[in-house]
Each structure stands twice: as structure tokens, then as C-alpha cells.
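Just so it is clear, none of the values below were taken in a lab; they were calculated from the coordinates. Predicted model only: the values in this text are computed from it and were never measured. So basically every Cβ, Gly included, is an ideal-geometry build from the backbone, and we count neighbours across all protein chains shown.
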Amino acid sequence: MRGNPSAFFSLTMRSTALASALFAAVGLVHAVDNRLLYIIPAGDTIDTFTADFTDACTNWQPALNQGLTFVEALVEPGDFSGKNSDTEARIVCVSAQE
């Protein structure tokens with residue numbers, strides 16, 4: 001075998017450490033955004049829509065049929081850039097097993 005085996009081992013360990021740090025950093029930055037963009041029905045205000053959506057989320061029969069428990073209904077006015085807060089909302093309904 002040519003070369004210094006300990007130098008090869010050291011280079012391999014440093015490469016592994018660098019790759020691990022890089023993947024960890026990418027993992028911290030990457031977050032899942034499950035919000036959906038929803039167009040608020042004509043004639044509804046954001047407050048009315050929020051109340052209706054929260055009620056529908058709380059009592060969503062497919063989730064109840066699976067034994068899931070309501071956790072949270074989130075309504076954020078506006079699109080993903082924060083515009084159109086009177087006509088669009090980012091929404092998510094969260095249920096979980098007890």
C-alpha cells in the first residue's frame with residue numbers, strides 16, 4: 001500500500017465530519033410548511049372565515065372517525081408574501097392521536 005495510512009484515515013475523518021456538519025445545517029434550515037393558501041369566499045370577512053374554518057376543523061368527521069383529537073386551527077390572513085389579507089388566507093388544521 002502506498003502513502004501514509006494514518007494520513008488517509010485523517011482525511012477521511014475530516015471529510016466525514018464536514019459532510020455531517022453540512023447535512024445537519026441543511027436539516028435545521030429545511031422546515032415543512034403545511035399551510036394551504038385559501039381564497040376567502042366573497043362576502044366573508046377574515047373573522048367570519050376564521051370562525052367557520054375553526055368550527056369545521058374542530059368537527060371534521062374523517063379525523064373524528066379515525067380517533068384523532070383536534071389540536072389547532074390556524075388562519076393567517078394574506079398570501080405567502082403577506083399580501084391580499086382581505087381575500088386570501090394561509091390555513092392549516094391540526095389533529096393528532098391522543
Sum of side-chain charges, SER85 neighbourhood, beta-carbon under 15 Å (Lys, Arg +1; Asp, Glu -1): -3
Normalised contact order of the stretch 32-97, rounded percent, pairs of Cα under 8 Å and 6 or more residues apart: 41
Contour minus Cα-Cα distance for ASP47 and GLU72 (0.36 nm per residue): 7.4 nm
The stretch 32-98: chymotrypsin sites (Phe, Trp or Tyr not before Pro) in DSSP loop, at most 16 other beta carbons within 10 Å: TRP60, PHE80
